[in-house]
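The block underneath contains the structure these notes are about, expressed in structure tokens.
The values are calculated or read from the model by the stated rules, or taken from the named source; none is laboratory data. On a predicted model such as this, the values are computed, not experimentally measured, just so you know. Neighbour counts are summed over all protein chains in view; Cβ atoms, including those assigned to glycine, are modelled from backbone coordinates with ideal geometry. Side chains are part of the model used for accessible areas, which takes the heavy atoms of the whole protein and leaves out ligands, DNA and RNA. Shrake-Rupley method; radii C 1.70, N 1.55, O 1.52, S 1.80 Å.
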Amino acid sequence: DTGVSQDPRHKITKRGQNVTFRCDPISEHNRLYWYRQTLGQGPEFLTYFQNEAQLEKSRLLSDRFSAERPKGSFSTLEIQRTEQGDSAMYLCASSLVSTGFDEQYFGPGTRLTVT
Amino acid sequence: RKEVEQDPGPFNVPEGATVAFNCTYSNSASQSFFWYRQDCRKEPKLLMSVYSSGNEDGRFTAQLNRASQYISLLIRDSKLSDSATYLCVVTRMDSSYKLIFGSGTRLLVRP
């Protein structure tokens, strides 16, 4: 399968614990985006990378959240000291941006439940 | 006020019906426009881009009215498999190309 993959697909954690999610984009894609989706809402932008550089972070990304994309390949999103409000689907998308917009392909998401 | 507004529905229609969804966006500098489809507990997938001239893909027709900041999606001859949430999406006029989603409109097609 050459699509975007995410791991794990589901994560249940206790409040206060740290969690880390991984996203593997489509191999030739230079852009990688993280979005968060809560029940009944559309996805909301969190952050994006062009190659290994993190170019923008949303105000939704508090200081408990950190994202990396070492070597411009896979990306990780870490949430420290999880809160119940962090429960959501975390979606990763990738695209190839050359001369302009290109379609973003989404992974299956990581569903986080904080108890 | 949200940047992209949609009627949440649900729209409950019989097979074969024609159904239309509307969406409004508040940022007049919005650059590109799309409809995404999302099945229950799955990732969003691009259904179609929306152009000012209007565009059609099989049973699906999308329209954009920049003056009114309004986007529509028409589905003809609804199939059971069309049951899903339809997300209206815009991008801003910046280099991030990040997607700004509406909350989605849920469609249920019944036999």
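Filtering the stretch A:57-87 to residues that are outside any loop (DSSP other than H, G, I, E, B), touching a residue at least 60 places away in the same chain (Cβ under 8 Å) and either buried (at least 16 other Cβ atoms within 10 Å of the Cβ) or over 11 Å from the mean Cα position of the chain (by Cα) (or both) leaves A:79, A:84. Here's a check for you: in the stretch B:27-44, which residue that is more than 9 Å from chain A (Cβ to nearest Cβ) and among the small types (Gly, Ala, Ser) is nearest to residue A:43 (Cα to Cα)? Taking the candidates together, the pick is B:30. Condition check for residue B:98 on (1) farther than 17 Å from residue B:24 by Cβ; (2) at pLDDT 95 or above: one failure, at (2).
Look through the stretch B:8-26, keep the residues that are within 13 Å of the chain's Cα centre (by Cα) and within 13 Å of chain A (Cβ to nearest Cβ), and return whichever of them is most open to solvent (accessible area, probe 1.4 Å). My answer is B:8.
Is it true that residue B:36 is within 19 Å of residue A:103 (Cα to Cα) and either outside any strand (DSSP E or B) or of a type in the set (Gly, Ala, Ser) (or both)? For residue B:36, the condition - within 19 Å of residue A:103 (Cα to Cα) and either outside any strand (DSSP E or B) or of a type in the set (Gly, Ala, Ser) (or both) - is not met. Checking the stated criteria, residue B:15 turns out not to satisfy the condition of being in contact with a strand residue (DSSP E or B) (Cβ under 7 Å, 6 or more places away or on another chain) and either closer than 22 Å to residue A:104 by Cα or hydrophobic (A, V, I, L, M, F, W, C) (or both). Each residue in the stretch B:90-109 was checked for being facing chain A (nearest Cβ under 7 Å), farther than 18 Å from residue A:33 by Cβ and crowded, with 21+ Cβ neighbours inside 10 Å, and 1 pass. Just one of the listed residues (B:77, B:57) is open to solvent by 60 Å² or more (accessible area, probe 1.4 Å) and touching a residue at least 12 places away in the same chain (Cβ under 8 Å), and it is B:77. Restricting the stretch A:43-62 to residues that are over 30 Å from residue B:9 (Cα atoms) and among the charged types (D, E, K, R), the residue that is farthest from the other protein chains (Cβ to nearest Cβ) is A:52.
Number of residues in the stretch B:41-54 that are in contact (Cβ under 8 Å) with a residue 40 or more places away in the chain and either part of a strand (DSSP E or B) or surrounded by fewer than 19 Cβ atoms within 10 Å (Cβ to Cβ) (or both): the value is 0.
The residue that is farthest from residue A:90 (Cα to Cα), among those in the stretch A:23-42 that are in contact with a Pro (Cβ under 8 Å, 6 or more places away or on another chain) and more than 10 Å from chain B (Cβ to nearest Cβ), is A:32. The residue list B:25, B:70 contains one member that is in contact (Cβ under 8 Å) with a residue 40 or more places away in the chain and over 28 Å from residue A:90 (Cα atoms), which is B:70.
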